[in-house]
Amino acid sequence: MADVLISGGGIAGSTLAILLGRQGLAVELFERRTFPKDKACGEGLMPAGVGVLQRLGLAEAVGGAPFHGVRYHFGKQSAEGRFPRTAGLPASGRGQRRLHLDAVLFETAAATPNVAAHTGAQVEAPLIENGRVIGLLVDGQPCRAPLVVAADGVHSPLRHQAGLHVSQRRHRYGACAHFRLAPGHAPSPWVDVFACRGYELYVTPLPGNEVLVAGLADAGAAREPIEETFLRWRASAPELASRLEGAEQTSEILCSSPLAARARAGVAPGIALLGDAAGFLDPITGGGMTQALISAELLAQYAVRGVEQFPAWMWSFERDRQAFLRDYRWLTRMVLWLADHPRLAERALSLLRSSPLLFAHLVGVSGGVRRLLPGSKLACSLAARQPLVVE
């Protein structure tokens, strides 16, 4: 019998499988799709996430186009926020296609000793006995383990089936597509954010002279086919339109909704939620992939003490995960509020433009290398990305 069953072979699930397998735990990893698979995503990996890949020994295999930080545009104003330097971490993020990133992580998991990785595997439901999750029903067959991890994504059937889902009031959606720039054009070494009235556009540099263009907006504002909306978004920012002149669209338009979800709790008897399944924040500040990597690393450090010891460490894991996400949540709420108040957003951008150290600090929060305010010992340890000792 396996020690851990993981539903979902994306960033969070595959990373956890790699780490647990290397620690000698028997893992079964179930992914319902096959690779390579694409996904609507901002595709910008923050410095703290790059640090996790380095510790996994996968940074070179993942590759990616480096970016210095975030550059915001509002009307005729723009301001650059460079990632602050942090000991032991790269000073830049990386843009990489999910097609490639997910495939590298899943293939590494499949090749890791003690890990059995399955694609085309349909996880149908959790097995529950006496109020505790004891396994999963996969393709009609019961599989049992002391610990089940739901890393099954945005809509997470397991989060719903375990009774942990909480409905969101605000509904936003995202749409994205990839473009190969025309000869003579090169991707910017920044993630460019164009703040427009009612929506935001993000441009992430990628390898091969490609960029990802993504738009985020309130779902209630959708009044036309997504192809028309996306074309209108691209044309609304003159600098972006100029950059994409002569570019070749290299992927279909991918959409995602909702852009946020909540879980009543990230753990319950016998099960832990991970990645987007654990609840996720609006991607307006761009840290989702990095948070998935860090959360997987944190869960692995706790699980090594013994999967049979639930609930001795599960609630400690959840408390520590919430602690390192707290600042990011505050920052995301603040940016969302400013997006709803354009005049104040314009003033805030002017302030950040005149205060590069403040801007760098806030970008460092979104990049996972700074705390918004002085935090706990755990928070500081995670911010510095030093190995966390679980006592």
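The values are calculated or read from the model by the stated rules, or taken from the named source; none is laboratory data. Quick caveat: nothing in here was measured; it's all calculated off a predicted structure. Every residue, glycine as well, gets a Cβ built from its backbone with ideal geometry; the counts of neighbours run over all protein chains shown.
Screening M289 with (1) crowded, with 24+ Cβ neighbours inside 10 Å; (2) more than 29 Å from Y72 (Cα to Cα); (3) touching a strand residue (DSSP E or B) at 6+ places or on another chain (Cβ under 6 Å) gives one miss only, at (2).
Within the range 93-113, is there a residue that is at positive phi and at pLDDT below 95? Explain how you work it out, then say what you get.
At the first step, the residues of the range 93-113 found to be at positive phi are none.
So far as the range 93-113 goes, no, none of its residues is at positive phi and at pLDDT below 95.
Of the residues making up the range 227-252, those that are assigned to a loop (DSSP other than H, G, I, E, B), under 19 Å from S78 (Cβ atoms) and either at pLDDT 90 or above or among the basic types (K, R) (or both) number 1. Each residue in the range 228-252 was checked for being in contact (Cβ under 8 Å) with a residue 60 or more places away in the chain and either on the phi > 0 side of the Ramachandran plot or surrounded by fewer than 19 Cβ atoms within 10 Å (Cβ to Cβ) (or both), and 9 of them qualify.
I'd like to check something: does the range 37-49 contain any residue that is touching a Pro at 6+ places or on another chain (Cβ under 6 Å) and surrounded by fewer than 24 Cβ atoms within 10 Å (Cβ to Cβ)?
Here is the first cut: in the range 37-49, the ones touching a Pro at 6+ places or on another chain (Cβ under 6 Å) are 42, 47.
From the residues that got through so far, the ones that are surrounded by fewer than 24 Cβ atoms within 10 Å (Cβ to Cβ) too are 42.
Yes; the residues of the range 37-49 include at least one that is touching a Pro at 6+ places or on another chain (Cβ under 6 Å) and surrounded by fewer than 24 Cβ atoms within 10 Å (Cβ to Cβ).
Scoring G49 on the criteria (1) more than 18 Å from Y328 (Cβ to Cβ); (2) part of a helix (DSSP H, G or I); (3) of a type outside the set (A, V, I, L, M); (4) modelled with pLDDT under 95 leaves a single failure, condition (1). Exactly one condition in (1) at pLDDT 80 or above; (2) among the polar types (S, T, N, Q); (3) more than 19 Å from L20 (Cα to Cα) is not met by T290; state its number. T290 satisfies all of (1) at pLDDT 80 or above; (2) among the polar types (S, T, N, Q); (3) more than 19 Å from L20 (Cα to Cα) except (3). Among the residues that make up the range 318-338, is at least one of them part of a loop (DSSP other than H, G, I, E, B) and touching a helix residue (DSSP H, G or I) at 6+ places or on another chain (Cβ under 9 Å)? No, because not a single residue in the range 318-338 is part of a loop (DSSP other than H, G, I, E, B) and touching a helix residue (DSSP H, G or I) at 6+ places or on another chain (Cβ under 9 Å). As a summary of the residue check, A79 satisfies the conditions (1) assigned to a loop (DSSP other than H, G, I, E, B); (2) crowded, with 19+ Cβ neighbours inside 10 Å except for the one numbered (1). Six or more apart or on different chains, Cβ under 9 Å: which pairs go from a residue in the range 337-365 that's in contact (Cβ under 8 Å) with a residue 40 or more places away in the chain and crowded, with 19+ Cβ neighbours inside 10 Å to one that's among the basic types (K, R) and assigned to a helix (DSSP H, G or I)? Could you list them? The qualifying pairs are F359/R353.
Condition (residue is assigned to a helix (DSSP H, G or I) and closer than 18 Å to R33 by Cβ) applied to the range 142-149: is it met by at least one residue?
Keep residues of the range 142-149 that are assigned to a helix (DSSP H, G or I), which gives none.
Taking every residue of the range 142-149 in turn, none turns out to be assigned to a helix (DSSP H, G or I) and closer than 18 Å to R33 by Cβ.
Just one of the numbered conditions (1) touching a Gly at 6+ places or on another chain (Cβ under 7 Å); (2) closer than 25 Å to G42 by Cβ; (3) modelled with pLDDT of 90 or more is not true of G153: (3). Scanning the range 304-336 for residues that are among the small types (G, A, S) and either at pLDDT 85 or above or surrounded by 14 or more Cβ atoms within 10 Å (Cβ to Cβ) (or both) yields G306, S316, A323.
Table: residues versus (1) in contact (Cβ under 8 Å) with a residue 12 or more places away in the chain; (2) under 21 Å from the mean Cα position of the chain (by Cα).
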position: N130; (1), (2): no, no
position: L136; (1), (2): yes, no
position: A150; (1), (2): yes, yes
position: G153; (1), (2): yes, yes
position: R159; (1), (2): yes, yes
position: A162; (1), (2): yes, no
position: H165; (1), (2): yes, yes
position: Q168; (1), (2): yes, yes
position: R172; (1), (2): yes, yes
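Scanning the range 54-68 finds one or more residues that are of a type in the set (G, A, S) and either part of a helix (DSSP H, G or I) or modelled with pLDDT under 95 (or both).
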